[in-house]
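So the structure is just underneath, and the comments pick up after that.
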Amino acid sequence: MMMMLRQTTRKACLGLRASPLGLGRRLYHENVIDHFENPRNVGSFNRNDPDVGTGLVGAPSCGDLMSLQIKVDDSGQIIDTRFKTFGCGSAIASSSVASEWIKGKTIEESLTIKNAEIAKHLRLPPVKLHCSMLAEDAIKSAVRDYKEKRAKANAAAEEETVEA
Amino acid sequence: YTTISLEPKASSDPVMKKTKTLVASISTLYRRTYPSTSPCNPLATIASIRSQTQLPRESLQHYSSAEALARRLRCSGRVFSSDSGAGKRVSGCWNCGEKAAFLFCESCRSIQPVDDSVDYFQIFGLEKKYEIEPGSLEGKYKDWQKKLHPDLVHNKSQKERDYAAEQSAKVTEACRTLTKRLSRAMYIMKLSGINVNEEETITDPTLLMEIMELREAISEADGSEALNQIQSQVQEKLKQWSDSFVEAFESQRFDEAVKCIQRMTYYERACEEIVKKL
């Protein structure tokens, strides 16, 4: 899993360095390149684990796809994250940043992360702002999925106690 | 000297009639007061007259439509008729005044300025629908470029060279848009007034899971055989969803059509990924 992303990362990386994005001066910010070359938290958890929330979002205009998974402990704190993104460098960097920032936060705190902050951190140009929006939506989707899972689990547990 | 006569073709609309008589009267008025200047731009004349004369109030509301009409009538001092807006705009050639000059005037062989109301289907003489014959674009494209390409107009005026550059670029863009299925679909939706490229994220789990699995399969595929197999599968899906798009579009189910386009976008991206790996 890591291998696959490393391969594509390495290939695409050469492209990044060799040809600047756009005409002339527009380059990827060093934060973006950093997240691209050293992506943190790439991979996946088992979707069916009870303490895992999975957020799966897509941007139809450019065909980007982002998956963000969170592992939450009993106190509601996010102890680990994994992400997998198919898309442009900005999308990958945005999801990498998101996965890093929410680690250690509670799920309620993670919902306060705004796409503007991610975009500012990565100095995203206007045309790439939707990538940061996608990352914010991915966080929300993961949290929502986790909460639904918990609600279902609690409901099932209650049924069992009633029957017993 | 010549007067502009406007023949109201099939316009029983009283507003149109009024507008036309208004323009006619303004133009003749202008000619009487300034007989020496060449009446090339009725728009400018109307603007100058507006500031000088006081026209009755009822005609004020016709100004905007009169101006619009005047803009459409590029006069070169000749008699011409105005089209009441059915299909292509019929305006005179700026060079010789020949009537039916579509992109290029046949009689004086001069290139016309770009008209934004002409859409890509009209350029290729095709009906405004999604399905097109595969070979219908190539021949027409070459024909147009033989007439419009900037390389062929070195000895003409700067203005005409500019027109050539713009027209040629538009024809190229038209060919490119109409060749690929996905861009054609998006263009035809745009023509019908529906904006497809919204920045909203989609969270449909079934679609996204399917695409996720597809992309993972592509990245894990080793060897061109496996990739080719996946590619043919994706091409199948593209064809299938392309057909669904046609159906949805024609029955005016535009939400569904948008969904078809979204799917097609994802499949196209997957195809690009495969091609990169091959």
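The values are calculated or read from the model by the stated rules, or taken from the named source; none is laboratory data. What you are looking at is a predicted structure, and each value in this text was computed from that prediction instead of being measured. Counting neighbours? That spans all protein chains shown, and the Cβs are built from the backbone with ideal geometry, glycine included. Heads up: the accessible areas ignore ligands, DNA and RNA and are worked out on the full protein's heavy atoms, side chains in. Shrake-Rupley method; radii C 1.70, N 1.55, O 1.52, S 1.80 Å.
Yes/no per residue for (1) crowded, with 17+ Cβ neighbours inside 10 Å; (2) in a helix (DSSP H, G or I):
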{"residue": "B:ARG184", "(1), (2)": "yes, yes"}
{"residue": "B:GLY193", "(1), (2)": "no, no"}
{"residue": "B:ILE211", "(1), (2)": "yes, yes"}
{"residue": "B:ASN228", "(1), (2)": "no, yes"}
In this structure, is B:LYS129 open to solvent by 40 Å² or more (accessible area, probe 1.4 Å), in contact with a helix residue (DSSP H, G or I) (Cβ under 9 Å, 6 or more places away or on another chain) and either farther than 21 Å from B:ALA185 by Cβ or modelled with pLDDT of 80 or more (or both)?
-> no
Give just the number: which of (1) more than 14 Å from chain A (Cβ to nearest Cβ); (2) open to solvent by less than 70 Å² (accessible area, probe 1.4 Å) does B:ASP243 not satisfy?
-> (2)
When the range A:120-142 is examined, which residues are found to be open to solvent by 10 Å² or more (accessible area, probe 1.4 Å), within 14 Å of another protein chain (Cβ to nearest Cβ) and assigned to a helix (DSSP H, G or I)?
-> A:PRO126, A:VAL127, A:LYS128, A:LEU129, A:HIS130, A:MET133, A:GLU136, A:ASP137, A:LYS140, A:SER141
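Report yes if some residue within the range B:164-175 is in a helix (DSSP H, G or I), in the same structural domain as B:GLN145 (by the TED database) and more than 16 Å from the chain's Cα centre (by Cα); otherwise report no. Can you show your working first?
Within the range B:164-175, the subset in a helix (DSSP H, G or I) is B:164-175.
After this cut, where a residue has to be in the same structural domain as B:GLN145 (by the TED database) as well, the list is B:164-175.
The next check asks that each one be more than 16 Å from the chain's Cα centre (by Cα); those that pass are B:164-165.
Taking every residue of the range B:164-175 in turn, at least one turns out to be in a helix (DSSP H, G or I), in the same structural domain as B:GLN145 (by the TED database) and more than 16 Å from the chain's Cα centre (by Cα).
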For the range A:48-63, does any single residue satisfy the condition of being closer than 20 Å to B:GLU213 by Cα, of a type in the set (A, V, I, L, M, F, W, C) and more than 14 Å from chain B (Cβ to nearest Cβ)?
-> yes
The condition of being out of contact with any Asp or Glu (no Cβ under 8 Å at 6 or more places or on another chain), of a type in the set (Val, Ile, Thr), open to solvent by less than 10 Å² (accessible area, probe 1.4 Å) and modelled with pLDDT of 90 or more holds, among A:ILE78, A:ILE70, only for A:ILE78
Among the residues of the range A:77-97, how many are within 20 Å of A:PRO60 (Cβ to Cβ) and in a helix (DSSP H, G or I)?
-> 6
Any pair with Cβ under 9 angstrom, 6 or more apart, that starts in the range B:139-164 at a residue that is on the phi > 0 side of the Ramachandran plot and ends at one that is assigned to a loop (DSSP other than H, G, I, E, B) and surrounded by 12 or more Cβ atoms within 10 Å (Cβ to Cβ) | none
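Sort out which residues of the range A:49-70 are in contact with a Gly (Cβ under 8 Å, 6 or more places away or on another chain) and free of Cβ contacts under 8 Å to residues at least 60 places away in the same chain, and write them in order of number. Don't jump to the end; show me each part of the working.
Restricting attention to the range A:49-70, the residues satisfying the condition of being in contact with a Gly (Cβ under 8 Å, 6 or more places away or on another chain) are A:59, A:62-70.
Matches in the range A:49-70: A:GLY63, A:LEU65.
Yes/no matrix, rows are residues, columns are (1) in contact with a Leu (Cβ under 9 Å, 6 or more places away or on another chain); (2) under 18 Å from B:LEU126 (Cβ atoms):
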| site | (1), (2) |
| --- | --- |
| B:GLN158 | no, no |
| B:ARG176 | no, yes |
| B:ARG184 | yes, yes |
| B:ILE188 | no, yes |
| B:GLY193 | no, no |
Within the range B:247-265, is even one residue within 14 Å of chain A (Cβ to nearest Cβ), among the hydroxyl-bearing types (Ser, Thr, Tyr), open to solvent by 30 Å² or more (accessible area, probe 1.4 Å) and closer than 21 Å to A:LEU134 by Cα?
-> no
